[in-house]
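What follows is a single structure, written as structure tokens, with notes after it.
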Amino acid sequence: MIFNFLSVNTAWNREKVIEFIDRYEVDAVFLDLPSSFEAYLAKKILPPADVSYVQDLRASERLIDFCWSKKIPIYCYLDNKISEDRKEIQVDLARIALRSKLTGVINVFEWKKLIFRDLHLREVSSEYIAMRIRERAKNVNVCINIPPEVESYLEKEGFEIRKISIYDFKRPIDRLYELVLREMSGEDVNNELYLELIKKHLAFIDTVVEVGYENACKFIWL
């Protein structure tokens with residue numbers, strides 16, 4: 001059995017995962033972190049992280065501590081090489097966001113190109129992630145944010161998957177990714193929709209500066 005929690009990377013959202021694990025007998029936890037982090041966690045050490053994973057580790061710190069206290073194994077399922085490539089994309093997205101704010105000019109093609117590449121990397125890593133989870137899975141497993149492609153692989157391997165959504169992913173950046181997915185599926189998406197969401201994403205960044213990321217994620221972004 002695999003419980004797949006769709007959770008944003010905030011401490012307050014991961015607390016809901018802890019509540020679930022505390023109620024049920026969970027045998028393993030899989031985090032959406034690079035597999036290189038796993039050796040540190042096995043030794044009860046928080047891994048060193050650059051800016052790309054600082055928030056992810058901060059969000060999961062209580063969850064990690066809880067698993068350590070309950071002696072629940074923690075695994076990290078992301079491919080290291082692809083994680084590095086996707087990290088570069090996130091840095092590039094931050095760079096063009098800053099440039100857009102400073103110049104007032106939004107290059108929709110540039111945004112789409114980066115998100116297309118990120119989604120492609122996620123897709124090509126799906127089989128690796130599924131194999132990593134399959135090889136380490138126990139009786140009752142909790143996973144954080146495994147994508148639908150991985151769920152499909154695991155279901156073909158005979159796993160029962162229960163998806164539990166504990167966050168409504170409607171941040172502007174989430175909706176930008178949804179638009180690109182629609183376009184990848186063959187839908188004709190107007191660039192005006194991209195422009196609208198990019199502007200909202202820039203507003204989200206302003207909110208993060210004002211109130212912090214954790215609080216910004218609590219806002220309703222329509």
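The values are calculated or read from the model by the stated rules, or taken from the named source; none is laboratory data. All values reported here derive from a predicted model rather than from experimental measurement. Positions of Cβ are backbone-derived with ideal geometry, glycine not excepted, and every protein chain shown enters the neighbour counts. Ligands, DNA and RNA are excluded from the accessible area calculation, which covers all protein heavy atoms including side chains. Shrake-Rupley method; radii C 1.70, N 1.55, O 1.52, S 1.80 Å.
What shape does the stretch 55-136 have by the C-alpha gyration tensor, where a ≥ b ≥ c are the square roots of the eigenvalues, rounded means a/c under 1.5, and otherwise prolate means a/b greater than b/c and oblate the rest?
Details: a/c = 4.48, a/b = 1.77, b/c = 2.53.
Oblate.
I need the GluC sites (Glu not before Pro) found in the stretch 1-101, filtered to DSSP loop residues with at most 11 other beta carbons within 10 Å of theirs. Could the numbers behind the result be given before it?
Details: sites: E15, E19, E25, E38, E61, E84, E88; in loops: E25.
Qualifying residues, ordered by number: E25.
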Within the chain, longest stretch clear of exposed trypsin sites (Lys or Arg not before Pro) (DSSP loop, no more than 14 other Cβ within 10 Å): 72-137
Förster radius 25 Å - calculated FRET efficiency between K138 and W12 (Cβ-Cβ, nearest 0.05): 0.35
Carbon and sulfur %, accessible surface of the stretch 2-76 computed with the full protein complex present, 1.4 Å: 54 percent
Proportion of all alpha-carbon pairs of the stretch 1-120 beyond 16 Å (%): 66 percent
Degrees separating the helix 80-103 axis from the principal Cα axis of the chain, which is the longest one: 30 degrees
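So what is the accessible area of the stretch 63-219 per residue, in Å², with the probe set to 1.4 Å? All intermediate terms of the calculation are to be shown ahead of the outcome.
Working: 8520 Å² over 157 residues.
Ligands and nucleic acids excluded, the result is 54 Å² per residue.
What is the percent carbon and sulfur in the accessible area of the stretch 80-222, measuring with a 1.4 Å probe over the protein chains and ignoring ligands?
Numbers: 4300 of 8140 Å².
Answer for the stretch 80-222: carbon and sulfur cover 53 percent of the accessible area.
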Highest-fluctuation residue, A42, A130, A11 considered, GNM on the chain with Cα pairs under 10 Å: A42
Span per principal axis, largest first, for the Cα atoms of the stretch 155-222 (Å): 46, 32, 15
Centroid-to-centroid separation of the stretch 1-41 and the stretch 82-123 [C-alpha atoms, Å]: 27 Å
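Give K156/K218; K44/K163; K101/K218; K44/K200 a once-over and call out the pairs whose C-alpha atoms are over 32 Å from each other.
Numbers: K156/K218 36 Å; K44/K163 28 Å; K101/K218 23 Å; K44/K200 39 Å.
Over 32 Å Cα-Cα: K156/K218; K44/K200.
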C-alpha long axis of helix 172-184 to longest principal axis of the chain, angle in °: 80 degrees
Debye log10 I(q)/I(0) for the stretch 82-222, one point scatterer per Cα, at q = 0.20 Å⁻¹: -1.30
Within the stretch 158-222, GluC sites (Glu not before Pro) in DSSP loop having at most 11 other beta-carbon neighbours inside 10 Å: E160, E187
